[in-house]
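Written below as structure tokens is the structure these notes are about.
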Amino acid sequence: MDTGTFRGIITGILIVAFIGLTLWAYSSRRKKDFDEAKNLPFADEDDALANRDTSASRETDSRHDRGDKNT
């Protein structure tokens, strides 16, 4: 088997893998899972705001109270 045949076989395998992955990703059975995944960044928005670290704002306020203008 020469290099050209080997490269052709690998190319064929990769084309079949690409088509299979594309069909899997766009199948109607996966739509519900992907819809849930696309909304995950927005799911805990309220919790993230409540638990946000406010130390940076406190530090800015304390510098303002002392009159530090260079920091």
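A few comments on the model shown:
- Glu36 being modelled with pLDDT under 75 and either in a helix (DSSP H, G or I) or under 32 Å from the mean Cα position of the chain (by Cα) (or both): no
- Residue check for Asp53: surrounded by fewer than 10 Cβ atoms within 10 Å (Cβ to Cβ) and either assigned to a helix (DSSP H, G or I) or at pLDDT 85 or above (or both): no
The values are calculated or read from the model by the stated rules, or taken from the named source; none is laboratory data. A quick note: this is a predicted structure, and the numbers were derived from the prediction, not measured. A quick note on method: Cβ atoms are made from the backbone with ideal geometry, for glycine too, and the neighbour counts reach across all protein chains shown.
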